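S.K.: The structure's right below; bear with me while I get my questions together.
The values are calculated or read from the model by the stated rules, or taken from the named source; none is laboratory data. Small disclaimer: the values here were computed from a predicted structure and weren't measured. In this analysis, Cβ positions are derived from the backbone assuming ideal geometry, glycine residues included, and neighbour counts consider all displayed protein chains. What goes into the accessible areas is simple: the full protein's heavy atoms, side chains included, and nothing from ligands, DNA or RNA. Shrake-Rupley method; radii C 1.70, N 1.55, O 1.52, S 1.80 Å.
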Amino acid sequence: VYSTDGKNWSRTEEFNHNWASEAAVVELSDGTLRFFFRNGTTNLCYVDYNLSNHTWGSAVTMSNIDTNSNTQISAITYSKTANGKQVILVSCPTGRNRAGSNSSSGGERLNGSIFVFTVDGKTMSLEETIEVNSGNVQFMYSCLTERSDGSVAILFEDKENAWGTGIATIPWT
């Protein structure tokens with residue numbers, strides 16, 4: 001759903017993917033909207049939306065990023081650049097022993113990470129992975145935010161009906 005004037009709203013066509021929900025959106029430097037979404041794979045997935053012609057790109061499965069993508073993902077654009085490139089942070093669980101999972105049960109939503117990407121045009125490169133927790137500890141429904149000092153705060157569910165928190169230092173602060 002989008003608005004160009006804040007008063008009138010339109011709905012886009014759906015993009016073509018097996019299934020997707022609970023998307024987190026960031027804006028790329030060129031104005032493209034990149035949606036990271038919950039899905040049924042064991043990898044991080046995203047799809048781009050072109051605001052100028054209101055069209056979806058093809059969904060991208062990042063086969064080199066093992067995750068449990070069957071839970072809500074958080075994504076933010078970081079205020080600083082790395083080597084002149086835009087930085088995007090994405091948090092999600094990585095599954096049992098960081099091997100990825102497509103299970104929605106808490107027993108597979110484990111080992112949270114913050115993935116630090118740089119973006120050159122529309123190409124994303126993984127620069128660093130920050131482990132939030134390890135030892136097959138639960139990690140679900142995360143939410144990232146950047147603090148005024150450049151550190152990043154994260155709120156996440158670390159067991160049924162409970163919350164964990166933390167502060168991550170991004171390498172470019």
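S.K.: Modelled with pLDDT of 95 or more and touching an Asp or Glu at 6+ places or on another chain (Cβ under 7 Å): is that true of Val152 in this structure?
M.R.: On the way: modelled with pLDDT of 95 or more: no; touching an Asp or Glu at 6+ places or on another chain (Cβ under 7 Å): yes.
When the stated conditions are applied, Val152 does not pass them.
S.K.: Those residues that are aromatic (Phe, Trp, Tyr) and either exposed (fewer than 14 other Cβ atoms within 10 Å of the Cβ) or in a strand (DSSP E or B) (or both), I need them from the stretch 15-40; list them, please.
M.R.: From the stretch 15-40, those aromatic (Phe, Trp, Tyr) are 15, 19, 35-37; that's our starting set.
Once the filter is applied, which keeps residues that are aromatic (Phe, Trp, Tyr) and either exposed (fewer than 14 other Cβ atoms within 10 Å of the Cβ) or in a strand (DSSP E or B) (or both), the stretch 15-40 yields Trp19, Phe35, Phe36, Phe37.
S.K.: Please list, ordered by residue number, the strands (runs of 3 or more DSSP E) wholly in the stretch 45-149 having 3 or more residues that are of a type in the set (D, E, K, R). Quick ask: steps written out before the conclusion?
M.R.: Working: elements: 60-66, 74-82, 85-93, 112-120, 123-131, 140-146.
Qualifying strands (runs of 3 or more DSSP E): 123-131.
S.K.: So which residues in the stretch 91-108 are of a type outside the set (Gly, Ala, Ser) and within 15 Å of the chain's Cα centre (by Cα)?
M.R.: To start, the set of residues in the stretch 91-108 that are of a type outside the set (Gly, Ala, Ser) comprises 92-94, 96-98, 102, 108.
Once the filter is applied, which keeps residues that are of a type outside the set (Gly, Ala, Ser) and within 15 Å of the chain's Cα centre (by Cα), the stretch 91-108 yields Cys92, Pro93, Thr94.
S.K.: Same structure, new question: Give the residue that is modelled with the lowest pLDDT, with candidates limited to residues of the stretch 41-97 that are open to solvent by 20 Å² or more (accessible area, probe 1.4 Å), of a type in the set (A, V, I, L, M) and within 13 Å of Leu28 (Cα to Cα).
M.R.: It comes out as Leu51.
S.K.: Among the residues of the stretch 99-106, is there at least one that is over 29 Å from Ser134 (Cα atoms) and open to solvent by 20 Å² or more (accessible area, probe 1.4 Å)?
M.R.: The initial filter retains those residues of the stretch 99-106 that are over 29 Å from Ser134 (Cα atoms), namely none.
No - not one qualifying residue is present in the stretch 99-106.
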